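The structure under discussion appears below in the form of structure tokens.
The values are calculated or read from the model by the stated rules, or taken from the named source; none is laboratory data. Worth saying up front: this structure is predicted, and the values here are computed from it rather than measured. Neighbour counts are summed over all protein chains in view; Cβ atoms, including those assigned to glycine, are modelled from backbone coordinates with ideal geometry.
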Amino acid sequence: MPTSIPVLKGKNPLLPGVGFLRNPFEFTIKKAQEMGDFFMMPFLLRKIFIITNHEVVAHVLQKNQKNYVKSPAYGQLRLALGTGLVTSEGEFWRKQRRLVQPAFYKTQLEDLFRGMAVVAEKYIAELTKKSTDGEPLDIAKEMMTATARIVLKTLFSTENTADINEMYRVMMDSQDYLTFRTVKPYFIPFTYLNGMHRKFRKDIAWFDSYIFKLIAERRKDANPPNDLLTMLLSSKEEETGEVMSDQALRDEAVTLFAAGHETSATMLSWALWLLSQYPEVVQKMRKELVEILGDQMPGFENLRKLTYTMQVIQEVMRLYPPGFAIGRQPIAEDEVLGVRIPKNGIMFISIAAMHRDPRYWERPHDFYPEHFTPEREKARPKLAYMPFGAGPRMCIGNHFALMEMQLLLALLVRQFDFETVKGHPVEPEPLITLKPKYGILMRVKPVADLVATK
Ligand code: HEM
């Protein structure tokens, strides 16, 4: 006998979860507390299962993951990303994952770190200049610039500002366009008439020709730089010796660029905003930074000694996980915890709600980095915290991202004070990532005396 689970009810029985459409981040956090960790929400003629239950998460992402593919929202992304790791499925995805994975091994990360540090140091110098006039800056924009430059340097060794600005513009405009198509699918036919789609195609064509040219040059380069593109170019299938085609290389490179900067930028923006309200956390962090780094640039090895800084990062991603949810749909009908999952059902795993489950977090809605002391981490089930997802499709860039966020946050907090601007609204907007809807305006002031903070 199939088991029944709570069903969300509302004025419109076909669409009781209007709040879900408006703001899935807040909606799932609130409803998980009222309805439990596994409930169903009718959605027109489909059923959406809202999940924070670890057994169900493990079933969908690990034990029976072969029966699940990404939800329909990813279809739009394919228009820009092609079939890279984020958007591919099945055997093709498995092969690509094997080919891309070595680029993120620890030994490679050490090489990538060097490029990252060069860009970070230059960015901090620029921010120092910008901060002298005391005008507030949009920190969300600043962090996007910093992480886009880092990912372009580590991917292509590009530091040409004009190229970077154009790549960045194309990616941002394309993302806005694809988000528009996902959120308002009924407008899609008009985008072919009003020029929006034509502009998108033109932008992507420019991006493609830029990357194909880079690939062609790199194939001829006798002394290539040690960046992600070189690693992808030299990666081979162990048994067959097969390498990636130019198209596969293009799709993976664009995917890494898209997946690799907005997530980290979002986390850093929330971090600076949260820290501005918790001066005692800033003080504790600075003490660690001054003790371990002094006024030196962080190196690959001493970065891992910044344990409190890492707890701060983990706590920011607990409250504001940049990838706040994971969506999957079954290939064939399934059953989990005795509940029948129909073939057209949607499994919506709310990472945001899992991260605020009072069963696992002492202060679920507070900013409390001590949630991540080694003892507390050991005492918690593994799946209580999963900002990078879980199972075979877990984020391939997790170590890269942690290294980048630690480097940038350490430099920013050591060098500057960040103050919020009164009256500027700060609100999470759950689109592809959990971005601050109106940006985050902050005054950035150089720290007067670094040693005095010790
Ligand atoms: C704070 C930073 C980041 C967060 C929170 C994050 C989060 C995630 C999550 C939750 C997934 C799983 C999605 C799913 O299962 O549907 C994912 C996948 C992915 N991420 Fe990240 N990510 C971050 C940074 C990065 C970086 C820096 C890169 C690359 C340089 C990257 C590349 C990818 C790729 C390629 C996938 C797809 C993996 C696959 O399906 O095989 N991410 N990420």
Picked from region 77-93 (must be surrounded by fewer than 18 Cβ atoms within 10 Å (Cβ to Cβ) and touching a residue at least 60 places away in the same chain (Cβ under 8 Å)), the residue farthest from the ligand (Cβ to nearest atom) is 79
Filter region 174-221 for residues that are of a type in the set (S, T, N, Q) and loosely packed, with under 14 Cβ neighbours inside 10 Å; the one that is nearest to residue 232 (Cα to Cα) is 209
Only one of 406, 415 is touching a residue at least 24 places away in the same chain (Cβ under 8 Å) and over 19 Å from the mean Cα position of the chain (by Cα), namely 415
Residue 158 passes all but one of the listed conditions (1) at pLDDT below 85; (2) in a helix (DSSP H, G or I); (3) within 18 Å of residue 229 (Cα to Cα); the exception is number (2)
Practice item. Would you confirm whether any residue within region 53-76 is hydrophobic (A, V, I, L, M, F, W, C), under 19 Å from residue 257 (Cβ atoms), surrounded by 14 or more Cβ atoms within 10 Å (Cβ to Cβ) and within 14 Å of the ligand (Cβ to nearest atom)? Key: no
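Kindly check whether there is at least one residue in region 338-360 that is under 30 Å from residue 103 (Cβ atoms), away from the ligand (no atom under 16 Å from the Cβ) and crowded, with 17+ Cβ neighbours inside 10 Å.
Going through region 338-360, the residues under 30 Å from residue 103 (Cβ atoms) turn out to be 347, 349, 351-352, 354-355.
Within this subset, residues satisfying the condition of being away from the ligand (no atom under 16 Å from the Cβ) are none.
No, region 338-360 contains no residue that is under 30 Å from residue 103 (Cβ atoms), away from the ligand (no atom under 16 Å from the Cβ) and crowded, with 17+ Cβ neighbours inside 10 Å.
Just a yes or no: is a residue in region 344-356 more than 16 Å from residue 319 (Cβ to Cβ) and basic (Lys, Arg)? Reasoning before the result, please.
Within region 344-356, the subset more than 16 Å from residue 319 (Cβ to Cβ) is 344-349.
Keeping just the survivors that are basic (Lys, Arg) gives none.
Checking region 344-356: not a single residue is more than 16 Å from residue 319 (Cβ to Cβ) and basic (Lys, Arg).
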By residue number, the members of region 42-78 that are hydrophobic (A, V, I, L, M, F, W, C), more than 20 Å from residue 355 (Cβ to Cβ) and touching a helix residue (DSSP H, G or I) at 6+ places or on another chain (Cβ under 7 Å) are 73, 77
Selection from region 282-303 of residues charged (D, E, K, R) and surrounded by 14 or more Cβ atoms within 10 Å (Cβ to Cβ) yields 284, 286, 288
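Residue-by-condition table, conditions (1) touching a residue at least 24 places away in the same chain (Cβ under 8 Å); (2) farther than 27 Å from residue 20 by Cα; (3) in contact with a His (Cβ under 9 Å, 6 or more places away or on another chain):
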| residue | (1), (2), (3) |
| --- | --- |
| 247 | yes, yes, no |
| 259 | yes, no, no |
| 291 | yes, yes, no |
| 317 | yes, no, yes |
| 338 | yes, no, no |
| 344 | yes, no, no |
| 351 | yes, no, no |
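Residues 169, 198: which one is modelled with pLDDT of 90 or more and out of contact with any strand residue (DSSP E or B) (no Cβ under 8 Å at 6 or more places or on another chain)?
Exactly one of 169, 198 is modelled with pLDDT of 90 or more and out of contact with any strand residue (DSSP E or B) (no Cβ under 8 Å at 6 or more places or on another chain), namely 198.
For region 304-326, give me the residue count where each residue is within 12 Å of the ligand (Cβ to nearest atom) and either among the aromatic types (Phe, Trp, Tyr) or buried (at least 18 other Cβ atoms within 10 Å of the Cβ) (or both). I'd like the intermediate steps shown before the answer.
At the first step, the residues of region 304-326 found to be within 12 Å of the ligand (Cβ to nearest atom) are 313-314, 316-318, 320-326.
Subset that is either among the aromatic types (Phe, Trp, Tyr) or buried (at least 18 other Cβ atoms within 10 Å of the Cβ) (or both): 313, 316-318, 320-326.
Looking only at that region, the number is 11.
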- [ ] Examine region 407-416 for a residue that is over 17 Å from residue 128 (Cα atoms), touching a helix residue (DSSP H, G or I) at 6+ places or on another chain (Cβ under 8 Å) and hydrophobic (A, V, I, L, M, F, W, C), and state whether such a residue exists.
- [x] no
